[in-house]
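Submitted below is the structure of interest, expressed as structure tokens.
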Amino acid sequence: MDAELGLRERKKLRTRQLIAETAMRLFVERGFDAVPVAAVARAAEVSEATVFNYFPTKEDLVYQGMEVFEDELLAAVRDRPAGESITAAFGRFVLRPRGFLAAPDDETVRHLMAVAAMIPASPALLARERQILDRYTESLAALIADDTAAEPGDLRPWVTARALIGAHQSLIQLVRRRLAQGPVDPADVAREVVARGRQALDQLDRGLAGYGAKPAE
């Protein structure tokens, strides 16, 4: 029975991966808004209902990994060491190169750069991205409020969360501006992201004056 369940789960993972890879290929080739879910289903040789079983919305085909990112971000802040501020823990996580900035080979770099360039061309994807960032803000604010034992009505957790997620959003926009300017070296962009990100987060940390630094146990 366990072997059967394991086989079934592996098959589901392969189907999910096939659908996601097929969708991204079509979106990059034609543009997100020009490709209906029915076309993704046909190309992946599954039903449209099967696509929605794995991805509740069309936008989820692009943003499928964002829940994992959110979980890891919250863990980085929640599990920060004694004496480290919330801003420092946030920066340690978000300034880690990922995506095409950390791709292992040229083919992967080209694909991820094409995906990154595709998103700003779609109003639907940009709207979904704003929803995701709003959710990040709510989750982070709730974590900060709990972590600092904030009283009801204390705005500092929300102000802090909005500032930090705003910094993250600004770094995303920085990468997109560099891509729009023409061919880029991912290593150069990664270095700029780290430098600009540290500059912005250092400014926030000075303004927040170490708010949320964990006391030594």
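Take T15, T108 and order them by how many other Cβ atoms sit within 10 Å, fewest up front. Intermediate values should be presented prior to the final figure.
Numbers: T15 16, T108 13.
Taking fewest neighbouring Cβ atoms as first place, the list is T108, T15.
Another one. For region 104-154 and region 1-55, what is the separation of their C-alpha centers, rounded to whole Å?
Here the answer is 23 Å between Cα centres.
Output ³J(HN,Hα) for region 20-33: one whole-Hz value per residue in order, computed from phi by the Karplus curve 6.51 cos²θ - 1.76 cosθ + 1.60 with θ = phi - 60°, and x for Gly and Pro.
With coefficients 6.51, -1.76 and 1.60, one gets 5, 5, 5, 4, 5, 4, 5, 5, 5, 5, 10, x, 4, 6 Hz.
Also: Would you calculate the separation in nanometres between label points at D202 and S170, each defined as 7 Å from the Cα along the Cα-to-beta-carbon direction?
A separation of 1.4 nm, rounded to one decimal place.
Here's a follow-up. Nearest 10 degrees, 0 to 90: what angle lies between the long axis of helix 186-208 and the longest principal axis of the chain (Cα atoms)?
For 186-208 against the chain, the angle is about 40 degrees.
Ok, one more. So between R177 and A124, what do we pick up on full extension, going 0.36 nm a residue minus the alpha carbon distance?
Taking R177 through A124 to full extension adds about 17.2 nm, to one decimal.
Further question: Mind checking which of A44, Q64, V94 is farthest towards the positive end of the chain's charge dipole, using Cβ charges of +1 (Lys, Arg) and -1 (Asp, Glu) about the Cα centre?
Ranked along the dipole, the leading option is A44.
Here's a follow-up. In region 127-191, if every C-alpha pair distance is counted and binned at 5 Å from zero, what percent goes to each bin?
All Cα pairs considered, the percentages come to 3, 16, 20, 17, 13, 12, 8, 5, 4, 1.
Here is a further query. Relative to the longest principal Cα axis of the chain, at what angle does helix 66-78 sit, 0 to 90 degrees, rounded to 10?
Roughly 20 degrees, rounded to the nearest 10.
On each of the three principal axes of the Cα atoms of region 66-208, give max minus min coordinate, whole Å, ordered largest first.
Computed over the Cα atoms, the extents are 49, 32, 24 Å.
Something else about it: Which ³J(HN,Hα) values in Hz, rounded to whole numbers, follow from the phi angles of region 82-91 under the Karplus curve 6.51 cos²θ - 1.76 cosθ + 1.60, where θ = phi - 60° and Gly and Pro get x?
4, x, 8, 6, 4, 4, 5, 5, 4, x
Tally Lys and Arg at +1 and Asp and Glu at -1 over the other residues with C-beta under 14 Å from the C-beta of P123: what net charge comes out?
Result for the local shell: 0.
Here is a follow-up. How big is D for region 1-156, in µm² s⁻¹ as a whole number, if Stokes-Einstein is applied with the Kirkwood radius of its Cα pairs at 37 °C and 0.692 mPa s?
Working: Rh = 18.2 Å.
D = 181 µm²/s.
Give, rounded to the nearest 20 debye, the magnitude of the charge dipole that region 51-107 has about its Cα centre when Lys and Arg contribute +1 at Cβ and Asp and Glu contribute -1 at Cβ.
Approximately 300 debye in magnitude.
Out of I86, I172, I119, any idea which swings most in a Gaussian network model of the chain, alpha carbons joined below 10 Å?
Largest GNM mean-square fluctuation: I172.
Kindly identify region 2-57 as rounded, prolate or oblate by the Cα gyration tensor criterion: order the square roots of the eigenvalues as a ≥ b ≥ c, call it rounded if a/c is under 1.5, otherwise compare a/b with b/c, prolate if a/b is larger, else oblate. Working shown, then result.
Working: a/c = 3.02, a/b = 2.35, b/c = 1.28.
Taking the square roots of the gyration eigenvalues as a ≥ b ≥ c, region 2-57 is prolate.
Rank A82, A121, A161 by mean-square fluctuation in a GNM of the chain with C-alpha springs under 10 angstrom and give only the top-ranked residue.
Answer for the Gaussian network model of the chain: A82.
Still on this structure, I have one more. Quick one: length gained pulling V115 to L74 fully straight, 0.36 nm per residue minus the C-alpha distance?
Here the segment from V115 to L74 would lengthen by 12.2 nm.
Each reported figure results from applying straightforward, stated rules to the coordinates on display, with no laboratory input. Model, not experiment: these values are computed from the prediction. Positions of Cβ are generated from backbone atoms using ideal geometry, with glycine treated the same way; all protein chains shown enter the neighbour counts.
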